[in-house]
Each structure stands twice: as C-alpha cells, then as structure tokens.
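K.L.:
One structure is given below, represented as structure tokens, and several questions about it will come after.
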C-alpha cells in the first residue's frame, strides 16, 4: 500500500506549497481563513533570511538571528499545516507530490523552491569551493575561516602561511560585495585583537568578477562606489577576470593568475531549484520554470511557481524578474488572490511588479521576520 502523508481531510481544495521562503510564506498568509487547505512542505522547519547569511559567516550575527520557525509564523492560522520533508518528484498527471516522508495529493500546487548555487559546470570548484546559500553553509564557512587562522599560527613558511590568510571571493553581486567588505572590516578591527600573533598585513582579500563592473543589475554609480569602497579597505577588486579552477589550495583564472588560498568563497551565480517531474520544455535558461503573467507553469493547468524559481517573460522583463525577495513576496500576494478567483470562476489578474526599492523592502522584511509577523 502506498504511504500518504497524514494530513486531515477537508471538503475544500488542497493547496500544496513547496518551499518556506518569502513567496511561499506570503501566499500562505494571504489565504488565512479562506476556503482552502494549505499544506506547506520544506526540508527545514524554519524560514531563513538569506540576505544576511554573510553576517552569519563572518560572525556578525548568530544563526538564530536570521531564522524563524515556520510553525510559529502560522500558529494562529487554522487552515494551515506544515510538514518537514524533502520533495523528490511531482507526478502532475496524478496530482501527487512525492516526498521523503510519503506522498500527498493536491488540487493546486505552488513551487516556491527558490534558487541554489550555480557553478556553471565547473566540477572542481563545485567540490572545493564554499557556497553560501543556507545557514549550514554559512556556519561551515565561519568554522573554516577560524580553523585556517588557527592553522596559520602553526606555520612559519611564508608561502604556505599566505594560503591560510588569503581570502578569495568570486562574484561581484550583492553577496560577494557584502562578504568582501565584511572580511575587510574583520581584518582591520577584529582579527588583530583575536589573533595578536599573526601579522594581518599579510592577509589579502580578493573579489573576482567576470564582468567589467560590480553590482550588475544596479546603477553604474552603485557599482563604482562599491568598488571604490572596497579598494579603500585594501580589497583587491579584479574585474573582467574569470575563475576556471580551484584545487583546494590555488585559484586559477582564465588569464593565468594563480592565487594561493584555503578559503575560496563562491557567490558567482544562482540558478532555479527545480523539482524533478517538471516537463523540460517548461524549464528555461538559468534552470528557472517558465510561467505566464498569472504565475501558472507552462503546460500545466493547476501548477504554479513564484519567486526565484519562476521566470515570467514580459516585454519589460525579457529575462524574467530579478531573483530578489520583493518579487517573490508580490507574486505570492497576487497568486493568493488569483487562486481565490479561480475557485469563484472570476477572471485572473496579471502580475505587475512594483519596485519599491529592494534594499528598503528587504530591510522591512527583516524586521517583520524578527518580530514573528511575517
């Protein structure tokens, strides 16, 4: 007999949401006390505020400062159920989701699985580099850095010691810029006090970006100011530089530069975190799922996607919307309204992204998460 997840049976449609990120949470919240049963499935029982993972990695914040229990967010929502599980496959023709704890049927399915690190097919780098997309990865990076400083204390040979003191960050987007800046602040204000026996003038920080500027997607002024700020903090900003290999000790670039380092941080790109079972014809560049203006997945009638994993091609967004929290939140909000419209046979409303200023919106979201009101 097939094992199904134990969820109460109701005489209302069941909506299954995969992913407890910004989009999934917003969708579930907006359907509070509506005629639908909501089942949220995530491999963790907490929401992570990913924009501040770099602070956890550099010991600026503890992990519990950027996570919040999912059950606590929805503790007063009677039509909500949470199950901690890893989703393994969508069987759309049967309206069934397969997970690590059993199967579950659905009337509507929403994929809000976010994004994962993109290594662009560079297998050596994928095996050796330190990514930073989860709390676990951020804590692992923090631990590695501290271990490397301890190891540097035991080494007298200059070149070998340099490999433990050098930091290489790849990717000049917000995460890479913030990470490089935090490392520079640690070098100047914190580490000399904690490790007084080490000469931190020898510590070199590199930020490597394949394009000709930092913070692509933001204004030219923002990119230029970020570069100037980092260089004033003695960060080596290398533009038009592509990394091609890392063997655990030396980073190699396409133009032949070799940098010894035991701390190699990869923040060069992300791609959609697509669940097995989605038709390959519905998956676009960057491993993102093609959706229409109502967030409905191409080739499906009752499957939707929101947030980073969704790619909505519109005239003003020929490559889809930016993979940022405000997009996910607004898509989750609108999809809640459209699902209710579907149930009432009313026309659907197309998504229209309102850019209120990413930094201001993310800052507000952080405060909401920390207060438990997300």
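K.L.:
Which residue is nearest to the chain's Cα centre (by Cα), if the candidates are limited to region 148-185 and must be surrounded by fewer than 21 Cβ atoms within 10 Å (Cβ to Cβ) and part of a loop (DSSP other than H, G, I, E, B)?
P.N.:
Only one residue fits best here, namely 173.
K.L.:
Against the conditions (1) buried (at least 17 other Cβ atoms within 10 Å of the Cβ); (2) in a loop (DSSP other than H, G, I, E, B); (3) not assigned by TED's automatic domain parsing to the domain that holds residue 212, where does residue 328 fall short? Just the number, please.
P.N.:
Going through (1) buried (at least 17 other Cβ atoms within 10 Å of the Cβ); (2) in a loop (DSSP other than H, G, I, E, B); (3) not assigned by TED's automatic domain parsing to the domain that holds residue 212 one by one, residue 328 breaks only (2).
K.L.:
Any idea which of 275, 280 is closer than 30 Å to residue 89 by Cβ and touching a residue at least 12 places away in the same chain (Cβ under 8 Å)?
P.N.:
None of the other options fit; the residue is 275.
K.L.:
Please verify whether region 33-56 includes one or more residues that are free of Cβ contacts under 8 Å to residues at least 24 places away in the same chain and over 24 Å from the mean Cα position of the chain (by Cα).
P.N.:
no
The values are calculated or read from the model by the stated rules, or taken from the named source; none is laboratory data. These numbers come from a predicted model, not from an experiment. With ideal geometry, Cβ positions are generated from the backbone for all residues, glycine too; neighbour counts draw on all protein chains shown.
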